[in-house]
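Okay, structure first, notes after.
The values are calculated or read from the model by the stated rules, or taken from the named source; none is laboratory data. Since the model is a prediction, treat every value here as computed from it, not as a measurement. Quick reminder, even Gly has a Cβ in these numbers, built from the backbone with ideal geometry, and neighbours come from all protein chains shown. Remember, those area values only see protein heavy atoms, side chains included, never the ligands or the DNA or RNA. Shrake-Rupley method; radii C 1.70, N 1.55, O 1.52, S 1.80 Å.
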Amino acid sequence: MASRRPLVRLFAERAAGMAEGLKIVDYCLCLRGGYVVVEGPRGRALGFAHIPHEDLHELGEVKRPRLEEMPEFVVDLNPLNRVLGVAMLNAVSQYHLDPPQGSLDPYLRDGPICLVGNMGPLAERLRREGREVLVFERSRELRWRAYSDVEEELLLPRCKVLVITGMTLLNFTLDRVLQLSNGLNILTGPTAGIHPDLARGTKIHILASMKFNIGKAIEHLKQGGYISLAVHKDLGLPYAIELCNT
């Protein structure tokens, strides 16, 4: 039986074709997230991925990132290699992405709105506005006012809008979330910085992430910070891109 290919590997295989002429000039696995900086004729771009601390283990060797090995990195058994793989994927994507604009707000009108990942600031704002919000969180440490991800099987098909954390690229849950969804699917967060061309033909309808200010973002990460699109707008330009997928 052929093995299933997760979407993140498909994205990385597509991104490998966009990496020609690029080289990695900096990378780091910091306390809260990892980054990779690539350089090419058009300049530099930074790709980021949060570190999934709940999934870390000591099995497998952490490797130096290599763009030509990106498809293998994103499905590596060591979660830190997956962080570097997604950061490479995002760095290549961001290099080819012109400074975009746009906001999620126009897409967050119909409920129930389901947040896959406990995006606290967004959830609280939507609740204050009187929206019906269901939140799902895999990590027990972050499960405040949120269901476990096991309840997604029951509740996600009810959602009219799904706001899906980019962390699903790291734990292979994006595929199942999209399979369960009957609504508008938004992949979002600083870990979701993939190029729109990579997601063509999928059930992803909106990509929302950040075009980073490289110097400020690196300083922030090296000081142990995490990155939130809602909180850290000084680290870059948040954006939302509507795709042609149906």
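If you roll a 1.4 Å probe over the range 99-154 with all protein chains in place, what percent of the accessible area is carbon or sulfur?
Details: 1620 of 3350 Å².
Solvent-exposed carbon and sulfur of the range 99-154 make up 48 percent of the total.
Can you list residues from other chains, or at least 5 along the same chain, whose modelled amide H is less than 5 Å from the amide H of residue 147?
135, 136, 137
Between the range 184-240 and the range 89-122, what's the alpha-carbon centroid distance in Å?
Their Cα centres are 7 Å away from one another.
Projected onto the charge dipole of the range 50-186 (+1 at Lys/Arg Cβ, -1 at Asp/Glu Cβ, origin at the Cα centre), which of 87, 108, 165 gives the Cα projection farthest towards the positive end?
Positive-end residue among those listed: 108.
Length gain on complete extension for the stretch residue 68 to residue 172, per 0.36 nm per residue less the alpha carbon to alpha carbon distance?
Values: separation 104, 0.36 × 104 = 37.44 nm, distance 2.11 nm.
Stretched fully, the residue 68-residue 172 segment lengthens by 35.3 nm.
If you line up the Cα atoms of the range 104-246 on their principal axes, what length do they span on each, largest first, in Å?
That works out to 42, 34, 30 Å along the principal axes.
List every residue whose amide H lies under 5 Å from the amide H of residue 131, counting only residues 5 or more places away in sequence or on a different chain, with H placed 1.01 Å from N in the peptide plane.
none
Label points 7 Å out from Cα along the Cβ direction at residue 231 and residue 179: separation in nm?
3.3 nm
In a GNM of the chain with a 10 Å cut-off on Cα contacts, which of 75, 62, 161 has the highest mean-square fluctuation?
Of 75, 62, 161, the Gaussian network model singles out 62 as fluctuating most.
Per-residue HN-Hα couplings for the range 106-111, Karplus 6.51 cos²θ - 1.76 cosθ + 1.60 at θ = phi - 60°, whole Hz, x for Gly and Pro?
x, 9, 10, 10, 9, x
With a probe of 1.4 Å, find how much accessible area the chain has per residue, and write the answer as a whole number in Å².
On the way: 11670 Å² over 246 residues.
Per-residue value: 47 Å².
Sum up the lysine pairs in the chain that clear both bars: alpha-carbon distance under 17 Å and a spacing of 8 or more or different chains. Don't jump to the answer; show the numbers that get you there.
Values: 23/63; 160/203; 211/233; 216/233.
Total qualifying Lys-Lys pairs in the chain comes to 4.
Using a 1.4 angstrom probe on heavy atoms only, work out the carbon and sulfur share of the accessible area of the range 182-246 in %. Don't skip to the end; give the middle numbers.
On the way: 1390 of 2710 Å².
Within the range 182-246, the accessible surface is 51 percent carbon and sulfur.
Can you compute the charge dipole magnitude of the chain about its Cα centre, using +1 on each Lys and Arg Cβ and -1 on each Asp and Glu Cβ, nothing else charged? Give it in debye, rounded to the nearest 20. Present the calculation step by step, with values, prior to reporting the outcome.
Numbers: 30 positive and 29 negative charges, 68 e Å.
Charge dipole, the chain, about its Cα centre: 320 debye, nearest 20.
Please label the shape of the range 1-67 as rounded, prolate or oblate, based on the square roots a ≥ b ≥ c of the eigenvalues of the alpha-carbon gyration tensor (a/c under 1.5 means rounded; beyond that, a/b larger than b/c means prolate, else oblate).
Working: a/c = 2.19, a/b = 1.17, b/c = 1.88.
Oblate shape, in that a/c is at least 1.5 and b/c is the bigger or equal ratio.
Based on alpha-carbon atoms only, what is the radius of gyration of the chain relative to the globular estimate 2.2 N^0.38 Å?
On the way: Rg = 16.9 Å, N = 246, 2.2 N^0.38 = 17.8 Å.
Dividing the Cα Rg of the chain by 2.2 N^0.38 Å gives 0.95.
Obtain the nm distance between the two label points defined at residue 54 and residue 20 by a simple spin-label model: each point lies 7 Å from its Cα along the Cα-to-C-beta direction.
Going by the 7 Å Cα→Cβ label model, 4.1 nm.
Could you give the dipole magnitude of the range 1-73 about its Cα centre, charging the beta-carbon of Lys and Arg +1 and that of Asp and Glu -1, in debye to the nearest 20? Don't skip to the answer; put the middle values down first.
On the way: 11 positive and 11 negative charges, 54 e Å.
I would put it at about 260 debye.
Give a residue-ordered list of calculated ³J(HN,Hα) values for the range 33-49 (Karplus: 6.51 cos²θ - 1.76 cosθ + 1.60, θ = phi - 60°; whole Hz; x for Gly, Pro).
Here the 3J(HN,Hα) series is x, x, 9, 9, 10, 10, 9, x, x, 8, x, 10, 8, 10, x, 10, 8 Hz.
Which residue, chosen from 96, 126, 217, occupies the Cα position most advanced towards the positive end of the dipole of the chain, where the dipole is computed from +1 (Lys, Arg) and -1 (Asp, Glu) charges on Cβ about the Cα centre?
126
Run the simple label-point estimate for residue 109 and residue 143 please: 7 Å along Cα→C-beta, distance reported in nm.
Going from the residue 109 label point to the residue 143 one covers 3.5 nm.
Counting only DSSP beta bridges with both residues in the chain, tell me the antiparallel percent, nearest 5. Please report the intermediate quantities before stating the final value.
Details: 21 of 39 bridges.
Around 55 percent of the beta bridges assigned by DSSP in the chain are antiparallel ones.
With r as the distance between the Cβ atoms of residue 241 and residue 28 and R0 = 22 Å, compute the FRET efficiency 1/(1 + (r/R0)^6) and round to 0.05. Provide the component values of the computation, followed by the final result.
On the way: r = 27 Å, r/R0 = 1.22.
The calculated FRET efficiency here is 0.25.
Are there cysteines in the chain with no other Cys C-beta under 4.7 Å, and if so, which?
Within the chain, the cysteines lacking a partner Cβ under 4.7 Å are 28, 30, 244.
Quick one: what are the phi-derived ³J(HN,Hα) couplings along the range 87-96, Karplus 6.51/-1.76/1.60 with θ = phi - 60°, whole Hz, x for glycine and proline?
5, 5, 4, 6, 5, 4, 4, 5, 4, 8
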